[in-house]
Amino acid sequence: GYQSLEDLGYTMWSAGRLSEALNYYETCLQIRPENPNVLFNMAMIYRSQGETEKAVELFTEIVTKYADAEQAEKARTQLAELVPQNQQAAVPGHSILDQGRGESQAAAEAGGESQSAESQAPVGEPVG
C-alpha cells in the first residue's frame, strides 16, 4: 500500500540510493499529492545532491501550503540556510520564513531566540 511506498523511499534514502528513493517518493505524490512529509524528504534529498533550486521549491511549498504541519518549521530552517535574506520575500515586506506563523512567534525568533540543535536534522539524513 501507500505507506509501504513511503517506507521504501525512506529505506532507499537511508541506504544512499537517492534516485530510487526519489522514484518511490514521486509515486507517493502521484497517489497522494498532499503529503508534506514526502515533500520534505524529497527536498532533503535534492539538497544533499546540490539541487538547491528544487529543494528550495519544495521547502517553499511546504511552508506556504502546509504551514501547520510539523515539517513546516523544519522547512523554514532549511530555507533560512539555503536562501539569502534578500531572496526570501514572497510578499513585499514579509519573509517566506514568517508565512504561516503568528507575528509574535516570528518577532520572538527575530529577537534572538534560537532553536536547539536537536530540532534540526542533519543535511541528507532521512527524517522519519
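The values are calculated or read from the model by the stated rules, or taken from the named source; none is laboratory data. Every value quoted in this text rests on a predicted model; they were computed, and no experiment measured them. When we count neighbours, we look across all protein chains shown, and the Cβ atoms used for this are built from the backbone with ideal geometry, even at glycine. Just so you know, the surface numbers come from the protein's heavy atoms only, side chains and all, with ligands and any DNA or RNA stripped out. Shrake-Rupley method; radii C 1.70, N 1.55, O 1.52, S 1.80 Å.
Data for the structure
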item	result
Largest to smallest accessible area among 7, 68 [probe 1.4 Å]	68, 7
Heavy atoms of residue 38 accessible to a 1.4 Å probe, total area in Å² rounded to 10	0 Å²
Those GluC sites (Glu not before Pro) in the stretch 1-70 that DSSP places in a loop and that have at most 12 other beta carbons within 10 Å	34
Rounded to the nearest 20 debye, dipole of the stretch 5-83 from Cβ charges on Lys, Arg, Asp, Glu	100 debye
Pair residue 80, residue 14: separation of 7 Å Cα→Cβ label points (nm)	2.9 nm
For the stretch 25-73, radius of gyration divided by Kirkwood radius, i.e. Rg to Rh on alpha-carbons	0.95
Loop-located trypsin sites (Lys or Arg not before Pro) in the stretch 1-68, at most 15 other Cβ atoms within 10 Å (DSSP)	17
